[in-house]
Structure formats: structure tokens, C-alpha cells
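Participant: What follows is a single structure, and I will ask about it in a moment.
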Protein chains: 2
Amino acid sequence: MNDPAAGKIAIIGAGAVGCYYGGLLARSGCDVRFLMRSDLETARQHGLTIKTRGKTVKLSPVRACATTAEIGVCELVIVALKATANAALDELLPPLIGPQTLLLTLQNGLGNEEYLAQRWGAERVLGALCFVCLNRTAPGVVEHYDHGTLCIGEFRRPSAERTRNIAEAFSAAGIETHVVENLLTERWRKLLWNIPFNGLSIAGGGITVADVLADERLRSLARHLMDDALDAARRLGHEIPDSFAEFQIERSCSMGPYKPSSLLDWQAGRPVEVEAIWGEPWRQGVAAGASMGRLETLYRLLQVLTKS
Amino acid sequence: MNDPAAGKIAIIGAGAVGCYYGGLLARSGCDVRFLMRSDLETARQHGLTIKTRGKTVKLSPVRACATTAEIGVCELVIVALKATANAALDELLPPLIGPQTLLLTLQNGLGNEEYLAQRWGAERVLGALCFVCLNRTAPGVVEHYDHGTLCIGEFRRPSAERTRNIAEAFSAAGIETHVVENLLTERWRKLLWNIPFNGLSIAGGGITVADVLADERLRSLARHLMDDALDAARRLGHEIPDSFAEFQIERSCSMGPYKPSSLLDWQAGRPVEVEAIWGEPWRQGVAAGASMGRLETLYRLLQVLTKS
């Protein structure tokens, strides 16, 4: 099949991200199956609810399954678990994977495409960055606050027809979607923001983006952490212009007392993606010869503070 | 006068350190005047009480004064304020200082001798490191838990007769006292421990020395912070052997769930000496060309967490 999005699609990890993107795909006519645990009964009886910009979108019925064996082999598997739960994929994914199955991770940070590629082959792996503010407010209910853009690309390959087909399916579902030629470069660009702001918001004791920027000393540290990540990214072959870091700081000034997703996770007692956002970039930067002392300290403290 | 300790001695900062060392000097016959504020009336009526190793030492009467004008010019002024309160010295010290007056700081970290030297002349400045566990448990009452050793030296000069005279006065008061030839080298040696352990105990969310050592990741960070401080100290001309850092880690393993003094200060809502222990070493290390990224991150986070 040339268009994997025209076939059977599994959503693994039916938290806010999985329900939102999978729900919109289902509404637009795709054949979407949701793997669900705690929300299974609610979803079977009442479907999914997406509240967005004052509107409530009801999706009912949805195809919610208790096991991946029940779902069976798919054309496209969308992984929307927390990166901290990747070990669960070893048991979850095999029933879904046939010779043609593609794997698309919507997870944060570095290392998730690699995780899939090592186990099920690099050639079937794609990734996407989600720029979205979401919250799962009740079983089967997702609140959508802002944005939603996807940047989708192949794992260590330029985009192909299948990349554009998947992107078109998301676009047809009403999601602003861009195809990117270098997925890992985009991941590093996003990390340039996530590393300092998600990290300092937790290590600073539970503070917002505005707090980080208002304190000149923290703002300077945030900028230095960005510069270190930029240096690491360039050593790894990613072209990111000098102006990008400064732009990220300026862009953040308009965010106000915004709480990064990792801070929300931490404050709610949920796992924080410490390895994907800080550990893996630190390891890759060190291996590339970059000076990563600032990130090392932040990473180690986050491991302790989040009990990772 | 050849022996400053034989003349009038002022104790500025009558917290645990000032009351303990000043109290023992007074008991041994020195002419000690305590500048006191909150403890003034209690000290005038009941003297000072030092509880140490099951014994209670009562010192009554003590010469407690409300102002330094009341004390007047001294031969020796012992500064035992928190380093965070140094600005108060600008008004407190002038009435105490005549042409021959010596200034001895018992404060922690870097920058305190410099503070005194810049204002009242380097030639009159001495410093001492206190290796002691103390707590002021009530007005006029100090609990002494362990140790008490002083290492006393001249500011950027080798020791002299006056250094030995002052050291002898402390020795005669029952305090183990050593004269050191390079005070700043000793300060860096002490910082090699204080920087990681005091710092990580706070930034780790309120953890003990045993917690830092039990977590391999934090222990490795502690060791790296020590190596950075060692590199900075050497660039600044201080000779500290390689084995010293490893020895500090091993020594700490016998401490158990020990809470560094900065952690106790932080948890009690008292000021933490962030500039003296982290800020000034970081600045001096950077100026000497050392790579201080780990310390930068720790320092900035401590500024925020302690609201310094």
C-alpha cells in the first residue's frame, strides 16, 4: 500500500496526545484503533471528547481495544506513550507489526526513534514533533488549549512519498502538519528550548518560564544551556543558526507564567522524560566532544528530584 | 603590643560560632566583649551557656554590649557574622579599629578576607577555618556537637609571630588550633567538600551526605564538581594533590545521614552563604580560565532556591 494512513492505524498510549491526534484522524475517516487501559470502558460506552477553543467534539463510537493482539497487524502504528514507558513497547508492539508496518513516534526528546529502530528496523521508523498544549482532564476527555502543529519526518532519511501521505492524512484531519527533511535537527531545535526551560522550571523548585526570564541570573544560565546544546547539535551535524537561540529567548518572553509540560508532570506526580530531554542529549553531546558541564548538573539534579 | 590576644577582643556576630569561640576565650581569661542584639539581655543577666560532650559550661558574667561604640578600639576583632551580613560591617567595625587593630574572620568560603582588606587594609587581616558542629539552641545557649579545630592564617602572607600568639590564645582556651602558611589554599581545600555536598544537599531537594553518596549519579556529579574546583584552585596557584578529592569522598562515606550546615540553614529559613561558597569560587575559577559549567548551574539554582 502506498498510503499507510489509508490502512489500519493503531494508537499506542491513549493519553492526551494519543487521543487528540488519533481522535482527529478517526473523525476525518481514518480507521483508527486505540489501545486503552484505564479509559477503555468509558471510551467504549461514550467515545472520546475533545474540547477545543470553546467547542466540544464528540467522537462516538471509537474503536477501543484492550490488547494489541485484538488490534492485529496495522499499516501505521503511532506511538504516543511517555518516553519513560518505552520498555512496555517490547510486549505491546509485536502483534501490530507486519512486513509493511510503519512506526511513527510522537514522543519528546531524543532516543525514541532509536528505540524503535533497534528493535523493529530503522527503515520503518518515522517521528514527529508535536507543538501542542493538551491535558487529559477525565477518562476519555482531552482539553486542547493551544497550537497543535506537527512536524513529521523520516528517521535519518529524507522525506518520501509515504511521509507526505501520512502528513496529508493529518492535514485532512485539520492539523497543521509540515514534512521536515531532517527530523533529528528539528528535535535538537526543540531541545534548545526544552532543556533550559523545562529543566530550570523543576530544578528551580517549581517556577514558570516568566520566573526563569525575570531572574537575570537564571536567564543567563538558560542562555548558556542553550549555547551548549547548540554546540552539541552542530558537532553532531545539525545546522542551526546562531540567531535561533536568541530568538527562542525572545519568543519565550511573550509566554508569561507558562508552565512547561515537564513541570506539570512533576507537580502532578507523573513520570518526567528525564532521559529523552536531558540524559540522551548530554550523552550525545559528551560523545561529540562538547562541553556539557551545565547540562550534566541539571540532568543529575532532575534525576534526583523526579526520582527517575 | 606583640600579642593581640592579650588585649581587648571584640566578637562581632554572637551566633553559635561567635559565642562558642569567644566564650571559650573569655573563660580562659581573655578580655572578650560580645556585640549582641537579640541575646543581649539574656547574656547580661545569665551569661553564656556552652553545652559540650555532656558537660555544661556556664560563663557568667560576660561583657555583652549593644553597640561597637560601647566596646571601643580593640586589639583584635573576631568577625563571626554570616558572610551574607557583611554589609553590616561597614557601620559596625569603624569604632573598633585603631592603628594596631587586627581583624580575624571566622567566616566560611571565599571573599571575606578580601571584604575586610578592601575597607580596612590587607595588613591587618587574618582568617581562620572552623571545623566545628554547633547550634545556637536558645538565647545565650550554644550546643557543641563535634570537632572545633581552627586553622588560622594570615591573609596572603605567611604566618608571623602575631599569628602564633593568637593561635596560642585559642589553644590555651582548649581549642585545637593550627597555624597555616597559606590560608587561601586551606579555604579551597574546604570548598572542595562544601561546594558539592552543601550544594547538592539543597539543590537535591533537602538530602543528606549519605543520599548524595548512595546515588551513583549524584556521587559522580559531586566528584566532577570537586575536580572542577581542584582545577580552579590549581590555576589560582594553590597546591592540592590529586588524592585529596578522592580522600574527601571516602571520608564522607563515614558521615552517614549528615546534614551540611547550609542545608540546616536553608531548612530553617536562615540565609545561606551562596556567594562565599559557590559564587566567589565560580567567579575566580572562570577568571582563571577553568571550565566551571557544573558549578555555574549549581550556583544559579542555589541563588534561586535560597532566594539570595
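Participant: So A:Leu24 fits all but one of (1) farther than 22 Å from A:Arg124 by Cβ; (2) in a strand (DSSP E or B); (3) in contact (Cβ under 8 Å) with a residue 40 or more places away in the chain; what number is the exception?
Facilitator: Just one mismatch for A:Leu24, condition (2).
Participant: Name the single residue, out of those in the stretch A:3-21 being in a loop (DSSP other than H, G, I, E, B) and over 18 Å from A:Pro95 (Cβ atoms), that is most open to solvent (accessible area, probe 1.4 Å).
Facilitator: Among those residues, the one meeting the criterion is A:Asp3.
Participant: Any residue in the stretch A:123-149 that's at positive phi: show its pairings with residues that are in a strand (DSSP E or B) and of a type in the set (Val, Ile, Thr) at Cβ separation under 9 Å, as long as the two are six or more apart or on different chains.
Facilitator: Cβ pairs passing all conditions: A:Gly140/A:Thr49; A:His147/A:Val132; A:Gly148/A:Thr52; A:Gly148/A:Val132.
Participant: Could you tell me how many of the residues in the stretch A:154-179 are surrounded by 15 or more Cβ atoms within 10 Å (Cβ to Cβ) and within 21 Å of A:Ser261 (Cβ to Cβ)?
Facilitator: Adding up the residues that qualify gives 4.
Participant: Here's a follow-up. Sort through B:Arg294, B:Arg300 and tell me the only one that's surrounded by 21 or more Cβ atoms within 10 Å (Cβ to Cβ), within 11 Å of chain A (Cβ to nearest Cβ) and touching a residue at least 24 places away in the same chain (Cβ under 8 Å).
Facilitator: Exactly one of B:Arg294, B:Arg300 is surrounded by 21 or more Cβ atoms within 10 Å (Cβ to Cβ), within 11 Å of chain A (Cβ to nearest Cβ) and touching a residue at least 24 places away in the same chain (Cβ under 8 Å), namely B:Arg294.
Participant: Confirm whether B:Ser261 is within 13 Å of chain A (Cβ to nearest Cβ), touching a residue at least 24 places away in the same chain (Cβ under 8 Å), open to solvent by 20 Å² or more (accessible area, probe 1.4 Å) and not aromatic (Phe, Trp, Tyr).
Facilitator: No: the conditions fail for B:Ser261.
Participant: So A:Gly289 fits all but one of (1) under 24 Å from A:Ala87 (Cα atoms); (2) of a type in the set (Gly, Ala, Ser); (3) open to solvent by 40 Å² or more (accessible area, probe 1.4 Å); what number is the exception?
Facilitator: Of everything listed in (1) under 24 Å from A:Ala87 (Cα atoms); (2) of a type in the set (Gly, Ala, Ser); (3) open to solvent by 40 Å² or more (accessible area, probe 1.4 Å), A:Gly289 misses just condition (1).
Participant: Right, here's the next one. Go over the candidates B:Thr56, B:Thr42, B:Thr49, B:Thr68 one by one and state the one that is within 30 Å of B:Glu275 (Cβ to Cβ), hydroxyl-bearing (Ser, Thr, Tyr) and either under 22 Å from the mean Cα position of the chain (by Cα) or assigned by TED's automatic domain parsing to the domain that holds B:His144 (or both).
Facilitator: B:Thr68
Participant: Looking at B:Leu225, B:Leu184, B:Leu191, B:Leu236, can you tell me which residue is more than 19 Å from the chain's Cα centre (by Cα) and buried (at least 18 other Cβ atoms within 10 Å of the Cβ)?
Facilitator: Going through B:Leu225, B:Leu184, B:Leu191, B:Leu236 in turn, just one is more than 19 Å from the chain's Cα centre (by Cα) and buried (at least 18 other Cβ atoms within 10 Å of the Cβ): B:Leu225.
Participant: Restricting the search to the stretch B:30-52, which residues are closer than 14 Å to B:Ile175 by Cβ and in contact (Cβ under 8 Å) with a residue 60 or more places away in the chain?
Facilitator: Result: B:Cys30, B:Ile50, B:Thr52.
Participant: Would you mind telling me which numbered condition in (1) over 25 Å from B:Ala167 (Cβ atoms); (2) surrounded by 24 or more Cβ atoms within 10 Å (Cβ to Cβ) B:Ala85 fails?
Facilitator: Of (1) over 25 Å from B:Ala167 (Cβ atoms); (2) surrounded by 24 or more Cβ atoms within 10 Å (Cβ to Cβ), only one is false for B:Ala85: (2).
Participant: Would the stretch A:226-244 turn up any residue that is closer than 21 Å to B:Lys307 by Cα and within 14 Å of chain B (Cβ to nearest Cβ)?
Facilitator: no
Participant: Moving on to the next point. Could you list, in sequence order, the residues of the stretch A:27-50 that are outside any helix (DSSP H, G or I), within 10 Å of A:Gly140 (Cα to Cα) and open to solvent by 30 Å² or more (accessible area, probe 1.4 Å)?
Facilitator: Across the stretch A:27-50, the qualifying residue is only A:Ser38.
Participant: Surrounded by fewer than 16 Cβ atoms within 10 Å (Cβ to Cβ), within 12 Å of chain A (Cβ to nearest Cβ) and among the hydrophobic types (A, V, I, L, M, F, W, C): is that true of B:Ala214 in this structure?
Facilitator: Considered against the rule, which asks whether it is surrounded by fewer than 16 Cβ atoms within 10 Å (Cβ to Cβ), within 12 Å of chain A (Cβ to nearest Cβ) and among the hydrophobic types (A, V, I, L, M, F, W, C), B:Ala214 comes out as yes.
Participant: Look through the stretch A:270-283, keep the residues that are under 19 Å from the mean Cα position of the chain (by Cα) and away from every other protein chain (no Cβ under 12 Å), and return whichever of them is most open to solvent (accessible area, probe 1.4 Å).
Facilitator: A:Arg270
Participant: Among the numbered conditions (1) under 24 Å from A:Phe247 (Cα atoms); (2) surrounded by fewer than 20 Cβ atoms within 10 Å (Cβ to Cβ), tell me where A:Pro196 comes up short.
Facilitator: (2)
Participant: What about B:Val73, is it open to solvent by less than 30 Å² (accessible area, probe 1.4 Å) and at pLDDT 95 or above?
Facilitator: no
Participant: Out of the stretch A:191-211, which residues are within 12 Å of chain B (Cβ to nearest Cβ) and of a type in the set (A, V, I, L, M, F, W, C)?
Facilitator: Passing the criteria: A:Ile195, A:Leu200, A:Ile202, A:Ala203, A:Ile207.
Participant: For the stretch B:251-273, indicate whether the set of residues that are within 20 Å of B:Leu129 (Cα to Cα), among the aromatic types (Phe, Trp, Tyr) and part of a helix (DSSP H, G or I) is non-empty.
Facilitator: The answer is no, given that none of the residues of the stretch B:251-273 is within 20 Å of B:Leu129 (Cα to Cα), among the aromatic types (Phe, Trp, Tyr) and part of a helix (DSSP H, G or I).
The values are calculated or read from the model by the stated rules, or taken from the named source; none is laboratory data. Everything quoted here is computed from the prediction, not taken from an experiment. Using ideal geometry, Cβ is built from the backbone for each residue, glycine included, and neighbour counts are taken over all protein chains shown. Ligands, DNA and RNA are stripped out before the accessible areas are found, and what is left, the full protein with its side chains, is counted by its heavy atoms. Shrake-Rupley method; radii C 1.70, N 1.55, O 1.52, S 1.80 Å.
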